[in-house]
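J.: Below is a structure I'd like to ask you about.
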Amino acid sequence: MLAKRIIPCLDVKNGKVVKGTSFVNLRDIGHPPSLAERYSLEGADEITFLDIAASQESRGTTLGLVKETAERVFVPLTVGGGIRTVDDVHDALLAGADKVSMNSAAVKNPDLISESAERFGRQCVVVAIDAKRTSNGWEVFVKGGTEPTGIDALKWAAEAEERGAGEILLTSIDADGTKDGYDIPLTKAIVEATSVPVVASGGCGNVEHIFEVFDKTDCSAALAASIFHYNEYTVAQVHDYLRERGIEVR
């Protein structure tokens with residue numbers, strides 16, 4: 001079994017790391033490069049940098065900030081937000097990203113996934129899925145969780161894998177920022193619908209929630225923000241807690 005990964009997440013808007021609930025009511029947390037460096041030194045397995053306003057504002061990722069962040073970390077960096085073309089993927093990789101996350105543009109143009117995977121390798125391609133529960137299951141939302149698509153999240157995850165996604169970054173809009181725990185049914189369903197690694201995101205409020213998502217689903221990684229931003233836990237403390245309970249971590 002592959003060791004599980006713990007991934008601090010930097011949601012970035014207007015050059016600042018922010019945190020909200022269900023993608024709204026955002027509060028400033030700090031400077032992305034400084035926080036990324038701190039988490040890297042604490043033992044983060046990876047770091048994710050998401051320019052959460054880029055798609056809504058119809059612009060590309062703030063690559064200068066990505067470059068500054070990449071220069072200060074020593075772990076893999078995933079970058080997303082505003083990735084619209086294969087050239088955008090190239091530019092993000094050139095700025096220091098190890099993996100590039102695509103969401104809105106991939107839904108609009110699924111060929112972006114396959115073209116990026118063909119050019120850079122599927123290990124670089126992460127498809128982010130923001131999903132919300134409906135009466136029929138879970139629906140994919142785009143543009144920072146503001147726009148419904150009518151697309152079934154499970155079917156989209158399977159298609160993304162088929163087109164060349166090397167990883168799925170799954171965020172539950174319902175759970176995001178609530179600190180009530182990950183959406184276990186959604187995470188389990190997406191994991192079972194695909195064979196690529198799935199990163200669980202949205203809802204982490206304590207270290208027990210991270211244990212729970214690893215214990216109850218076969219996700220490969222847990223992404224968290226609030227517990228790290230507000231100094232409730234260090235990454236090392238999360239690693240230690242999981243090891244004590246039989247979860248293999250890096």
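The values are calculated or read from the model by the stated rules, or taken from the named source; none is laboratory data. Since the structure is predicted, the reported quantities are computational estimates derived from the model, not experimental observations. No Cβ is skipped: glycine too gets one built from the backbone with ideal geometry, and neighbour counts run over all protein chains shown. Each accessible area value is taken on the protein alone, full model and side chains, heavy atoms only, with ligands, DNA and RNA left out. Shrake-Rupley method; radii C 1.70, N 1.55, O 1.52, S 1.80 Å.
J.: Given the whole protein assembly as supplied and a 1.4 Å probe, what does the accessible area of residue 138 come to in Å², nearest 10?
T.: Ignoring ligands and nucleic acids, residue 138 comes out at about 30 Å².
J.: For residue 41 and residue 155, calculate 0.36 nm times their separation in residues minus their Cα-Cα distance, and state this gained length in nm to one decimal. Present the calculation step by step, with values, prior to reporting the outcome.
T.: Working: separation 114, 0.36 × 114 = 41.04 nm, distance 3.80 nm.
The residue 41-residue 155 span can extend by a further 37.2 nm.
J.: Then there's this: Report the label-to-label distance for residue 236 and residue 111 in nanometres (one decimal), using points 7 Å from each Cα along the Cα→Cβ vector.
T.: Between residue 236 and residue 111, the simple spin-label model gives 5.1 nm.
J.: Where both partners of a DSSP beta bridge lie in the chain, what percent of those bridges are antiparallel, to the nearest 5? The partial results should precede the final answer.
T.: Working: 14 of 45 bridges.
Taking every DSSP beta bridge within the chain, about 30 percent pair in antiparallel fashion.
J.: Packing-wise, with mean Cβ within 10 Å as the measure, how do 29-38, 217-226 rank, highest first? Intermediate values should be presented prior to the final figure.
T.: Details: 29-38: 18.9, 217-226: 22.4.
Peptide ranking by packing, descending: 217-226, 29-38.
J.: Leaving ligands, DNA and RNA out of it, rank 104, 116 by accessible area with a 1.4 Å probe, largest first.
T.: Numbers: 104 25, 116 0 Å².
Descending accessible area places them as 104, 116.
J.: Within region 91-159, what percent of beta bridges assigned by DSSP are antiparallel, to the nearest 5? Provide the component values of the computation, followed by the final result.
T.: Working: 8 of 11 bridges.
About 75 percent, rounded to the nearest 5.
J.: Can you tally the net charge around residue 120? Count Lys and Arg as +1, Asp and Glu as -1, for every other residue whose Cβ sits under 15 Å from the Cβ of residue 120.
T.: Numbers: positive: 99, 119, 122, 163; negative: 87, 88, 91, 98, 111, 115, 118, 167.
Surrounding charge for residue 120 is -4.
J.: Something else: Just the number please: accessible area per residue for region 156-250, 1.4 Å probe, all protein chains included, in Å².
T.: Working: 3540 Å² over 95 residues.
Spelled out: the 1.4 Å probe surface of region 156-250, per residue, equals 37 Å².
J.: Heavy atoms only, probe 1.4 Å: what % of the accessible area of the chain goes to carbon and sulfur, would you let me know? Working shown, then result.
T.: Details: 4920 of 10340 Å².
Reported share for carbon and sulfur atoms: 48 percent.
J.: Then there is this: Let me check the size of the chain from its C-alpha atoms; what are the radius of gyration and Dmax in Å?
T.: When restricted to Cα atoms, the chain yields Rg and Dmax of 16.2, 45 Å.
J.: In addition: Sticking with the crude label model, points 7 Å out along Cα→Cβ, report the distance from residue 248 to residue 179 in nm, one decimal please.
T.: 3.4 nm
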